[in-house]
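S.K.: Sharing a structure, written as structure tokens. Questions coming.
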Amino acid sequence: MKKAVFERQELCRRLGIDGRTLDEWQDCKIFGPFGFSDDRTPLYSESAVAEGGQIKRLQELGYGTREIQKIIRKIGLPKAASRENSGEKKRNFLTVGVLAEKVGVSPRTIKHWEDMGIIEPNMRSEGGFRYYSDAYIYLCNLVRDLQLFGYSLTDIKMISDLFRGYLSMRQDPDAGPAAEMAARLDTMLQEIDRLSRKMGLLKAGIGRWEDLLKRKKKEVAALRSEMHKKMNSGQRGDKNGKDRTD
């Protein structure tokens, strides 16, 4: 499921604060984005709303920013709010356009894959902007590979669903009846075998074409060399004949 993400202005509006207040919190390292978009736009998670609200309430009670900083260091925020928005390590996220550029497809293709349910952005802002982690570069290249292997987008959607189900089972092995989960794993193994067979055929075909193209390239290059020799010979003959006439 996509997570909601807030850009700077959206977060300030939700918290009822101005940009100067947000900058002050971040300068004191009591608050901050969990990551950035490819154009360095700060991104804040849903927990930032609750976390920022608690900081704001402490200020309304008369605590200064430095005092809040000390409170957080000693006992944390009230109600043990998540600290993912003030962590030191920040992740980078890609917009649709940048992801498409890195994969070598059009933004429309990325959106089409998303509409089909093949991929799903990590987050979406209130303004409708989609954000993807770097892992989607690899994932989208896999989708392109499957298309080269002869899979339709419907087939790829089915494979994508199977892998999402597998990851879900890994996270929670007791999420459903054992028989149902075993059946889904059986289906996944069958798809892995089917893909492996296709890859075997593809490798054999690539080997044949590599051998053929290597041989034909030499033959074509040799014939081209002969044609150039004939052309040069003909040009010299025409020149000699013209000189004799003169």
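The values are calculated or read from the model by the stated rules, or taken from the named source; none is laboratory data. Everything numeric in this text was worked out from a predicted model, so none of it was measured. Don't worry about glycine lacking a Cβ; one is built from the backbone with ideal geometry, like all the others, and counts go over all protein chains shown.
S.K.: Do we find that residue 152 is under 19 Å from the mean Cα position of the chain (by Cα) and either under 26 Å from residue 95 (Cα atoms) or free of Cβ contacts under 8 Å to residues at least 24 places away in the same chain (or both) in this structure? Explain how you work it out, then say what you get.
M.R.: On the way: under 19 Å from the mean Cα position of the chain (by Cα): no; either under 26 Å from residue 95 (Cα atoms) or free of Cβ contacts under 8 Å to residues at least 24 places away in the same chain (or both): yes.
Against the criterion (under 19 Å from the mean Cα position of the chain (by Cα) and either under 26 Å from residue 95 (Cα atoms) or free of Cβ contacts under 8 Å to residues at least 24 places away in the same chain (or both)), residue 152 does not qualify.
S.K.: Any idea which of (1) under 24 Å from the mean Cα position of the chain (by Cα); (2) more than 17 Å from residue 127 (Cα to Cα) is the one residue 62 doesn't satisfy?
M.R.: (1)
S.K.: Cβ contacts < 8 Å: first residue assigned by TED's automatic domain parsing to the domain that holds residue 146 and touching a residue at least 24 places away in the same chain (Cβ under 8 Å), restricted to the stretch 200-221; second residue of a type in the set (Lys, Arg) and surrounded by 10 or more Cβ atoms within 10 Å (Cβ to Cβ), any location; separation 6+ or different chain. Result?
M.R.: none
S.K.: Give all pairs with beta carbons closer than 7 Å in which a residue from the stretch 177-194 that is under 18 Å from residue 149 (Cβ atoms) meets a residue that is among the β-branched types (Val, Ile, Thr) and surrounded by 10 or more Cβ atoms within 10 Å (Cβ to Cβ); count only pairs at least 6 apart in sequence or on separate chains.
M.R.: Hits for this filter: 191/159.
S.K.: For the stretch 87-118, what are the residues that are over 23 Å from residue 42 (Cβ atoms) and touching a strand residue (DSSP E or B) at 6+ places or on another chain (Cβ under 8 Å)?
M.R.: 114
S.K.: Out of all the residues in the stretch 25-61, which are surrounded by 17 or more Cβ atoms within 10 Å (Cβ to Cβ), at pLDDT 80 or above and assigned to a strand (DSSP E or B)?
M.R.: Listed by number, the residues that qualify are 35, 37, 42, 43, 44.
S.K.: Exactly one condition in (1) modelled with pLDDT of 80 or more; (2) surrounded by fewer than 16 Cβ atoms within 10 Å (Cβ to Cβ) is not met by residue 2; state its number.
M.R.: (1)
S.K.: In addition: Could you list all residues from the stretch 108-140 that are in contact with a Lys or Arg (Cβ under 8 Å, 6 or more places away or on another chain), polar (S, T, N, Q) and touching a residue at least 60 places away in the same chain (Cβ under 8 Å)?
M.R.: 122
A quick yes/no check of all residues on (1) surrounded by 13 or more Cβ atoms within 10 Å (Cβ to Cβ); (2) closer than 21 Å to residue 115 by Cα:
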site	(1), (2)
137	yes, yes
144	yes, yes
154	no, yes
159	yes, yes
164	no, yes
177	no, no
